[in-house]
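Read the structure below first, then the notes.
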Amino acid sequence: MDWLNTISHTFFDIPSMLQVFPQLLTVGLVNTLIISAAATVLGVVLGMVLAVMGISTSRWLRIPARIYTDVFRGLPAILTILLIGQGFARFSQSIFGPSPYPLGILALSLIAAAYIGEIFRAGIQSVERGQLEACRALGLSYGKAMRLVVVPQGIRRVLPALVNQFIAIVKDSSLVYFLGLLVGERELFRVGQDAAVLTGNLSPLVLAGLFYLVITVPLTHVVNHFDNRFRTGRRRPAPPKSGLDELDEVQTPAPITLGSNT
């Protein structure tokens with residue numbers, strides 16, 4: 001069957017996969033994880049600032065946070081990456097040299113901050129207001145009550161959503177290749193694409209996709225596990241019953257009362 005041989009050669013050519021495998025492992029995977037982790041850390045820091053600004057009672061803080069979130073969530077990721085990567089290339093060259101690597105991380109972190117800020121804001125606002133009022137009644141200031149009581153509870157509730165956002169950043173890191181990374185800075189998609197051009201088939205790209213699945217699929221199951229655990233809570237097994245407890249549960253017959261004779 002010619003069509004089966006064509007599909008096998010185009011997508012599952014083992015020699016082409018084995019040839020590009022070392023580069024995907026030592027260059028593509030490492031750079032993908034570095035870009036994703038750095039963008040996530042910066043996004044979490046900026047996202048927390050946006051969340052605090054978003055729940056502030058001051059319009060001068062709340063409105064800029066809202067505008068930032070709407071803009072970076074509304075623009076396509078590739079457009080933001082190109083605007084940041086090409087618009088600030090001259091400033092970046094004077095600091096980091098010709099490499100667009102830092103600008104790619106910056107662009108991804110700015111995008112992630114808009115989503116992470118909304119995640120944090122929803123988590124903080126989901127904490128019962130009585131928690132804050134109880135802290136205020138105990139003499140804690142508003143800032144200390146938020147920092148010590150409300151914010152930690154809100155973060156715990158949104159951990160699954162944060163992991164989901166990291167998965168999205170891992171996949172969006174493939175868009176950084178539009179900035180023209182150096183050879184040693186290529187991520188998984190760029191390594192697979194370059195190898196696909198050289199070999200004339202798509203097997204290296206399929207292998208790059210398998211690397212992405214190795215990262216994202218286990219994280220997805222971890223998210224589902226913790227999400228179910230946070231929703232249902234930890235169920236503690238009932239303590240074993242002793243003999244006395246079983247005797248107490250035995251129902252004794254109700255006393256018989258005789259009616260009065262008339």
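Key figures
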| quantity | calculated |
| --- | --- |
| For the chain, calculated [θ]222 nm from helices alone, where every DSSP H run of n ≥ 4 adds -39500 (n - 2.57) | -23000 deg cm²/dmol |
| Contact order relative to length of the stretch 38-145, as percent, for alpha carbon pairs under 8 angstrom and 6 or more apart | 40 |
| Two-decimal Rg to Rh for the stretch 9-229 - Kirkwood Rh, Cα set | 1.07 |
| Accessible surface, the stretch 48-172, averaged per residue in Å² (probe 1.4 Å) | 55 |
| Normalised contact order of the chain, rounded percent, pairs of Cα under 8 Å and 6 or more residues apart | 28 |
| Accessible surface of the chain [probe 1.4 Å, protein heavy atoms]: carbon and sulfur percent | 65 |
| Protection proxy ranking of 40-48, 138-146 - average other beta-carbon atoms within 10 Å, highest first | 40-48, 138-146 |
| By average C-beta atoms within 10 angstrom, highest first, the peptides 123-134, 187-198 | 187-198, 123-134 |
| The stretch 55-117: mean projected area of Cα convex hull, nm² | 4.8 |
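The values are calculated or read from the model by the stated rules, or taken from the named source; none is laboratory data. Only a predicted model underlies this, so the values are computations on that prediction, with no experimental measurement involved. Glycine also receives a Cβ, built like all others from the backbone with ideal geometry; neighbour counts cover every protein chain displayed. All accessible areas refer to the heavy atoms of the entire protein, side chains included, with ligands and DNA or RNA removed. Shrake-Rupley method; radii C 1.70, N 1.55, O 1.52, S 1.80 Å.
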